[in-house]
C-alpha cells in the first residue's frame, strides 16, 4: 500500500505544480544551489513519473510472488517467521526509491515555482536509506532472536 500511496502523492504534487512550472525547468544544481541543467516541463515530468509507474506494479508483483510462494510452501505452525511480516517488509521496500524520487520531484518543483530549495537530495537519500536499514535491522534481529529461541528449546 505504501508504494501506491507514494505514487498517488506524486501524481497530486504533479497536478498541483504543473501550471506553476516554467517551460524550461531547472533539474540539476551545483553545490552552491544554483541550477546548471534544464529540461522541458513535459520531459521532466516524464522522467519523474516513469520510475514511479514502474516501481508501483513491481511492488504489487513482489507481494503477489511472495504470497504464491507462501501458499505453495506451507510453514509448520511452530515456525515463528510469519509470511505476513515478510510481505509487509518486502512489499514496502520498493517505496524507499519512490520516496527519494518523490522528494527530488518536490525539490525541483519548489525551486522552479518559488525559488526555495529543500535539503540536498544526497542528505535526504542518506536519511531514508538509514531509516530503511534500521527497519530491516530490527526485522532481521527479531527474526534471528526468535529463531535462536526456538532452536534452543
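The values are calculated or read from the model by the stated rules, or taken from the named source; none is laboratory data. Given the structure is predicted, the values throughout are model-derived calculations rather than measurements. No Cβ is skipped: glycine too gets one built from the backbone with ideal geometry, and neighbour counts run over all protein chains shown.
Values for this structure:
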item	result
Within the stretch 1-17, tally of residues that are within 13 Å of residue 98 (Cα to Cα) and in a helix (DSSP H, G or I)	10
Number of the condition not met by residue 57 [criteria: (1) at pLDDT 85 or above; (2) surrounded by fewer than 13 Cβ atoms within 10 Å (Cβ to Cβ)]	(2)
Qualifying residue in the stretch 40-51 (condition: touching a strand residue (DSSP E or B) at 6+ places or on another chain (Cβ under 9 Å) and not in a helix (DSSP H, G or I))	yes
Helices (runs of 4 or more DSSP H) wholly inside the stretch 65-153 that include at least 3 residues being at pLDDT 80 or above and more than 24 Å from residue 54 (Cβ to Cβ)	95-114, 121-152
